[in-house]
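Just so you know, all these numbers are worked out from the coordinates, no wet-lab data involved. None of the values given here were measured: they were computed from a predicted structure. Please note: Cβ atoms are built from the backbone with ideal geometry, for glycine as well, and neighbour counts cover all protein chains shown.
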Amino acid sequence: MFKRLLLYLSTAAWARHIVTRWGIARHVARRFVAGEQLQEAIAATQELNRRNIAVTLDYLGESVTRAEDTQDVVETYLNVLDSIQREGLQSGISVKLTHLGFDISEELCVTNLRHILTRAKQYGLPVTIDMESTAYTDDTLRIYRTMRDEYGFDNVGTVLQAYLYRTEKDVAELVQENAHIRLCKGAYLEPPTHAFPNKADVDKNYVKLVEQFLAAKTNAYLCIATHDEAMIQAAEASIKRLNVPKERYEFQMLYGVRTPRQEELAKQHTMRVYVPFGEAWYPYFMRRLAERPANVWFFVKSLVR
Ligand SMILES: Cc1cc2nc3c(=O)[nH]c(=O)nc-3n(C[C@H](O)[C@H](O)[C@H](O)COP(=O)(O)OP(=O)(O)OC[C@H]3O[C@@H](n4cnc5c(N)ncnc54)[C@H](O)[C@@H]3O)c2cc1C
């Protein structure tokens, strides 16, 4: 119930206006966000790389409604790619279609995406198209497939969400296409017609999908994106039992979540951390609060102190 309230607030403009005006909220959000400036994200990436952890950099923002605002998004991503290349960082990028203008027009969004992918391909850097709410699932997978065919498998990946009933079928198809997939549980407010309402069912499905993906005799690549110890251990057991080579999978976590565990995993597996930066931190921050009640408590304590 509380989780659903926080997810509702993550999309409510009135709540965003109130919360983003509190200096303390910005301070607490810093736990999950590398900073508002690219330079801060680069410094965080350098630090993670020093600890043998790869990165995917995300310029925060979504649901853009003005075409001119997407120009800044593209420029920033091009700067991110130039910085990764110049500094020799072990990093790719993650993008959201609604940040690139999908809600304005698909043509604008795809044109923007092509600018970014062209630069990424030039440097040989991976781009992951994040998955948003179910309003965008079909379109995201369709655009992903088009871009993947245009730019190549090594450059473009996307995300599937284990909380959706449809994902089993999507995994079955994409694994045969040798796709590069990040599997997460899913972070949006979805109705029970589309998503398992109970955490236990989502967890069961996650474990099943990891096994389904890794057991397939294809070159599909799986990014196991979770902080859940039970999911991590089940994935490690599948990797061992199925004798899955390192070229077929990696683990992923979010910046600021279970940092010591990230370092431990990096000793045995490829480990990548999703590092967000930028000023539009509000919805991302609220989704992180929704995932863990203890984070809300930390936030409330900071407010009353
Ligand atoms: C690299 C990466 C990329 C992602 N990309 C997407 C995407 O494109 N689309 C999408 O819908 N979702 C995305 N997500 C979010 C994901 O869907 C989940 O909402 C999020 O990862 C929480 O699920 P969980 O698997 O960690 O397990 P949960 O069941 O939420 O949590 C299990 C345990 O992990 C720990 N934990 C989880 N979250 C936190 C936190 N915020 N702070 C502290 N501890 C925590 C706690 O111990 C918790 O009990 C991504 C997640 C990762 C790691």
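Given 0.36 nm per residue, what is the gain on full extension from D139 to V300 after removing their alpha carbon distance, in nm?
Details: separation 161, 0.36 × 161 = 57.96 nm, distance 3.78 nm.
Taking D139 through V300 to full extension adds about 54.2 nm, to one decimal.
Would you mind checking which residues have amide H under 5 Å from Q252's amide H? H placed 1.01 Å from N; only 5 or more apart, or other chain.
Those qualifying (amide H under 5 Å, at least 5 residues apart or on another chain) are I224, A225, T226, R272.
Give the aspartates and glutamates whose C-alpha is closer than 19 Å to that of K3, dropping any in the same chain fewer than 8 places away, or say none.
Partners found: E132, E190, D201, D203, D228, E291.
H194 label point, 7 Å along Cα→Cβ, cut-off 12 Å on backbone N: hits in the stretch 275-302?
none
Assign unit charges at the C-beta atoms only (+1 for Lys and Arg, -1 for Asp and Glu), then state the dipole size of the stretch 33-280 relative to its Cα centre in Debye, rounded to the nearest 20. Present the calculation step by step, with values, prior to reporting the outcome.
Values: 27 positive and 37 negative charges, 227 e Å.
So the dipole magnitude of the stretch 33-280 works out to roughly 1080 debye.
Once label points are set 7 Å from the Cα along Cα→Cβ at both N52 and E68, what is their separation, rounded to one decimal in nm?
5.0 nm
Out of the DSSP beta bridges found with both residues in the stretch 33-280, what percent are antiparallel (nearest 5)? Kindly include the intermediate steps, with their values, before the conclusion.
Working: 1 of 33 bridges.
In the stretch 33-280, approximately 5 percent of DSSP beta bridges are antiparallel ones.
Dipole of the chain (Lys/Arg Cβ +1, Asp/Glu Cβ -1, origin at the Cα centre): which of L265, N205, L60 lies farthest to the positive side?
L265
Please get the size of the charge dipole for the stretch 143-296, origin at its Cα centre, with Cβ charges of +1 on Lys and Arg and -1 on Asp and Glu, quoted in debye to the nearest 20. Each step should come with its number before you reach the end.
Numbers: 21 positive and 20 negative charges, 59 e Å.
Value, rounded to 20: 280 debye.
Among L113, L242, Y123, flag the residue with its Cα farthest along the positive direction of the charge dipole of the stretch 33-280, charges on Cβ as +1 for Lys/Arg and -1 for Asp/Glu.
The one lying farthest along the dipole's positive direction is L242.
Identify all lysines with a Cα-Cα distance to K121 below 25 Å; exclude those on the same chain that are fewer than 8 residues away in sequence.
Correct list for K121: K96, K246.
Need the C-alpha centroid separation for the stretch 264-285 versus the stretch 130-208, integer Å.
For the stretch 264-285 versus the stretch 130-208, the Cα centre distance is 19 Å.
Residues with amide H under 5 Å of H180's amide H, sequence separation 5 or more or different chain, H placed in the peptide plane at 1.01 Å from N; which?
T158, Y221
What FRET efficiency, computed as 1/(1 + (r/R0)^6) with R0 = 41 Å and r the Cβ-Cβ distance, is obtained for F153 and Y8, rounded to the nearest 0.05? Provide the component values of the computation, followed by the final result.
Working: r = 37 Å, r/R0 = 0.91.
With R0 = 41 Å, the Cβ-Cβ based efficiency is 0.65.
Along the positive direction of the dipole of the stretch 169-305 (beta-carbon charges: Lys, Arg +1; Asp, Glu -1; about the Cα centre), which of Y188, Q233, A220 reaches farthest?
Towards the positive end, the residue furthest out is Q233.
Tell me whether the chain comes out rounded, prolate or oblate; compute the Cα gyration tensor, take square roots of the eigenvalues as a ≥ b ≥ c, and use a/c under 1.5 as the rounded threshold.
Judged from the Cα gyration tensor, the chain comes out rounded (a/c under 1.5).
Using label points projected 7 Å from each Cα along Cα→Cβ, tell me how many nm separate D82 and T20, to one decimal.
So the label points at D82 and T20 sit 2.6 nm apart.
Spin-label point model (7 Å from Cα, Cβ direction): what's the K246 to E107 distance in nm?
Taking the two extended label points, one gets 4.7 nm.
Answer rounded, prolate or oblate for the stretch 1-115, using the Cα gyration tensor with square roots of eigenvalues a ≥ b ≥ c: rounded when a/c is under 1.5, else prolate when a/b is larger than b/c, else oblate. The partial results should precede the final answer.
Working: a/c = 2.09, a/b = 1.15, b/c = 1.82.
Cα axes put the stretch 1-115 in the oblate bin.
Could you calculate, for the stretch 128-192, the ratio of the Cα radius of gyration to the Kirkwood radius, expressed as Rg to Rh?
Using Cα coordinates only, the ratio equals 0.95.
Could you tell me the distance between the Cα centroids of the stretch 37-93 and the stretch 228-246, to the nearest Å?
Their Cα centres are 30 Å away from one another.
For Q176 and H115, what does the FRET efficiency come to when R0 = 41 Å and r is the distance between their Cβ atoms, rounded to the nearest 0.05?
Working: r = 30 Å, r/R0 = 0.74.
E(calc), rounded to 0.05, equals 0.85.
With springs connecting C-alpha atoms under 10 Å apart, model the chain as a Gaussian network and identify which of L108, L209, L141 has the largest mean-square fluctuation.
Of the options given, L108 has the highest mean-square fluctuation.
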